[in-house]
Amino acid sequence: MKTIVITEYENNSASADYTLDLAKAEIKDCIGCWSCWWKTPGRCAFKDLDEFYHHYITADRAIFFSQVSKGFVSGNLKTLFDRMIPLYLPYTEYSTGESMHVPRYDRYPDIEFYYQDSFETPAGRQIFVDYIQRVFYQFHSKSIVVEPLEETISGGGGRN
Amino acid sequence: MNTIILNGSPKGKSSKSNSQIFAEHFVKEMHDPCEIKSIAGNDPKELARYVAGFDAIIIILPLYIHAMPGLVMKFIEKLEPAPSEGKKMGFVLQAGFMETAQHKYVQPYFRRLAEQLNYYYLGTVSKGEAAGIYMYPKMFKKVLKMVSELGAAYESTQAFDDEIVKKLSKPYKLSQFQLRLLKVVDIVGLSNIGWHKVLKQNNAYEQRLDRPFL
């Protein structure tokens, strides 16, 4: 079983077949050029995530360790989500009763998404959890678990 | 009320930015048009400091993966709470998918963000099926006129007009009729004509289903 980790925490000890360390890597923002759909299908105009793309779509499981920034995912992690659009086709399907991106690949990893629980209210936490669930539903992952970080790794090791 | 309009498109002031087109139409019929600034190309920290000097901030942005583009979140991360009461914050979202229910995951976040930053929340205006605006502006004349009316009404009332917001946000969900129609259009291949035309122009049609990262 291939497991990859995407983390915003330094010194994350989780063993993985591949780690994308967002504490170190500042990902280039999507510039909305649509090269990945119109010019070089499946490939982003930027090359900084090529290794990540390969490991993500060949993994069985992707584990995220996410910070919470102003009640949402950080700008850096949001940019990663934006840059995952080359993994899907430009076409829209309606079989679920709503617009969905069509998969480019046969399978996508199961998701375990752990976040720093700094929410002041349950409502704020719910907005975050619902958003993450929806992102990976739209990204065609079959199993999506979204849980607070404290229950997973002791000490947190946060970087603020 | 001194309002700044922020264009949250990564394309910035490009003529291919639908958010820029929305922003220009939003101020078009104002007596005293608001300043428009792009988030792209500006330092987020400096921009956050700059907008703090305004009474109201309206961010006009595309929907990227059910929320704001990454660079808009990088700007939001730099916003500080308003030191005084009475400041306002609002959002105008435009997206490719037809139904505006796709926006419902980020709308409550925008409300919460405004409140946490001690801004009065003006609301979030949603428009779906907007990806083609810069390519076919004539087809979107009515939509852009409504955006101008929304801006003019905002100038006189400092609020988003409920009726215009309601009209722009339709459809919220796809009706059974629309779904049946879309599926038929899909089966006969009509829905992808536009995509395929561009792919062919770029000599990329044969590669359209490529899986380069396996």
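Which residues, taken from the range B:163-179, are without any contact (Cβ under 8 Å) to a residue 12 or more places away in the chain and within 21 Å of B:A152 (Cβ to Cβ)?
B:E163, B:K166
Starting from the range B:142-162, keep only residues that are over 22 Å from B:G128 (Cβ atoms), then list their pairs with residues that are open to solvent by 70 Å² or more (accessible area, probe 1.4 Å) whose Cβ atoms are within a distance under 7 Å, requiring at least 6 positions of separation or different chains.
B:A152/B:E29; B:E155/B:H31; B:Q158/B:M1
Identify all residues within the range B:101-118 that are among the charged types (D, E, K, R) and either within 30 Å of B:F177 (Cα to Cα) or surrounded by 22 or more Cβ atoms within 10 Å (Cβ to Cβ) (or both); write none if there are none.
Within the range B:101-118, the first condition is being among the charged types (D, E, K, R), and the residues that meet it are B:104, B:111-112, B:115.
Within the range B:101-118, B:K104 is the sole residue that qualifies.
Listed here are the residues, each with its yes/no results for (1) more than 27 Å from A:S35 (Cβ to Cβ); (2) small (G, A, S); (3) within 8 Å of chain A (Cβ to nearest Cβ).
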| position | (1), (2), (3) |
| --- | --- |
| B:L122 | yes, no, no |
| B:K138 | no, no, no |
| B:K142 | yes, no, no |
| B:K145 | yes, no, no |
| B:A152 | yes, yes, no |
| B:S156 | yes, yes, no |
| B:A159 | yes, yes, no |
| B:S175 | yes, yes, no |
| B:E206 | no, no, no |
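Here is a list of conditions, (1) assigned to a loop (DSSP other than H, G, I, E, B); (2) open to solvent by less than 10 Å² (accessible area, probe 1.4 Å); (3) among the hydrophobic types (A, V, I, L, M, F, W, C), and A:V135 meets all of them except one; can you say which number that is?
(1)
Identify the residue in the range A:58-74 that is surrounded by fewer than 20 Cβ atoms within 10 Å (Cβ to Cβ) and over 20 Å from B:L71 (Cα atoms) and, among all such residues, is farthest from the other protein chains (Cβ to nearest Cβ).
Restricting to residues being surrounded by fewer than 20 Cβ atoms within 10 Å (Cβ to Cβ) and over 20 Å from B:L71 (Cα atoms), the top hit is A:R61.
Only one of these conditions is not met by A:S95: (1) free of Cβ contacts under 8 Å to residues at least 60 places away in the same chain; (2) crowded, with 17+ Cβ neighbours inside 10 Å; (3) not in a helix (DSSP H, G or I). Which number is it?
Failed condition: (2).
Consider the range A:1-50. How many of its residues are of a type in the set (F, W, Y) and part of a loop (DSSP other than H, G, I, E, B)?
Step one: filter the range A:1-50 for residues of a type in the set (F, W, Y), giving A:9, A:18, A:34, A:37-38, A:46.
After this cut, where a residue has to be part of a loop (DSSP other than H, G, I, E, B) as well, the list is A:9, A:34, A:46.
Here the count works out to 3.
Tell me, yes or no, whether the range B:164-177 has at least one residue that is farther than 21 Å from B:K88 by Cβ and modelled with pLDDT under 90. Can you show your working first?
As a first pass, look at the range B:164-177 and keep what is farther than 21 Å from B:K88 by Cβ: B:167, B:170-177.
Okay, now just the ones that are also modelled with pLDDT under 90, so B:177.
Yes, because at least one residue in the range B:164-177 is farther than 21 Å from B:K88 by Cβ and modelled with pLDDT under 90.
So which residues in the range A:115-128 are surrounded by 17 or more Cβ atoms within 10 Å (Cβ to Cβ) and farther than 13 Å from A:Q67 by Cα, if there are any at all? Even if it seems obvious, please write down each step before you answer.
Residues of the range A:115-128 surrounded by 17 or more Cβ atoms within 10 Å (Cβ to Cβ): A:115-116, A:119, A:124-125, A:127-128.
Result: A:G124, A:I127.
Can you tell me which residue within the range B:119-138, out of those that are at pLDDT 95 or above and under 14 Å from the mean Cα position of the chain (by Cα), is surrounded by the most Cβ atoms within 10 Å (Cβ to Cβ)?
B:V125
Select from the range B:104-157 the residues that are charged (D, E, K, R) and within 22 Å of B:E29 (Cα to Cα) and list them in ascending order. If you could, list the steps in order and put the result at the bottom.
Initially, the range B:104-157 is screened for residues charged (D, E, K, R), giving B:104, B:111-112, B:115, B:127, B:129, B:138, B:141-142, B:145, B:149, B:155.
Once the filter is applied, which keeps residues that are charged (D, E, K, R) and within 22 Å of B:E29 (Cα to Cα), the range B:104-157 yields B:K127, B:K138, B:K141, B:K142, B:K145, B:E149, B:E155.
Which fully enclosed strands (runs of 3 or more DSSP E) of the range B:1-100 have 2 or more residues being buried (at least 21 other Cβ atoms within 10 Å of the Cβ)? Walk me through it before giving the result.
On the way: elements: B:3-7, B:35-38, B:56-62, B:88-94.
By residue number, B:3-7, B:56-62, B:88-94.
Starting from residues that are aliphatic (A, V, I, L, M) and open to solvent by less than 40 Å² (accessible area, probe 1.4 Å), keep the ones in the range A:17-36 and report whichever is nearest to the other protein chains (Cβ to nearest Cβ). Even if it seems obvious, please write down each step before you answer.
Taking the range A:17-36 and keeping what is aliphatic (A, V, I, L, M), we get A:20, A:22-23, A:25, A:27, A:31.
Still in the list and also open to solvent by less than 40 Å² (accessible area, probe 1.4 Å): A:20, A:22-23, A:25, A:27.
Numbers: A:L20: 14, A:L22: 12, A:A23: 15, A:A25: 13, A:I27: 8 Å.
So, considering only residues that are aliphatic (A, V, I, L, M) and open to solvent by less than 40 Å² (accessible area, probe 1.4 Å), the one nearest to the other protein chains (Cβ to nearest Cβ) is A:I27.
Looking at this structure, is A:E112 touching a strand residue (DSSP E or B) at 6+ places or on another chain (Cβ under 6 Å) and open to solvent by 10 Å² or more (accessible area, probe 1.4 Å)?
yes
Is at least one residue of the range A:37-57 within 7 Å of another protein chain (Cβ to nearest Cβ), more than 30 Å from B:G12 (Cβ to Cβ) and open to solvent by 10 Å² or more (accessible area, probe 1.4 Å)?
Yes: the range A:37-57 contains one or more residues that are within 7 Å of another protein chain (Cβ to nearest Cβ), more than 30 Å from B:G12 (Cβ to Cβ) and open to solvent by 10 Å² or more (accessible area, probe 1.4 Å).
Quick one: which helices (runs of 4 or more DSSP H) sit completely within the range B:139-214 and have at least 1 residues that are of a type in the set (A, V, I, L, M) and open to solvent by 90 Å² or more (accessible area, probe 1.4 Å)?
Numbers: elements: B:141-157, B:162-168, B:176-187, B:193-201.
Passing ranges, in order: B:176-187, B:193-201.
Can you pull out every residue in the range A:98-132 that is farther than 22 Å from B:Y64 by Cα and part of a helix (DSSP H, G or I)?
Correct list: A:P122, A:A123.
The values are calculated or read from the model by the stated rules, or taken from the named source; none is laboratory data. Quantities reported herein were computed from a predicted structural model and do not represent experimental measurements. Glycine also receives a Cβ, built like all others from the backbone with ideal geometry; neighbour counts cover every protein chain displayed. Surface areas here come from the heavy atoms of the whole protein model, side chains and all, with no ligands, DNA or RNA. Shrake-Rupley method; radii C 1.70, N 1.55, O 1.52, S 1.80 Å.
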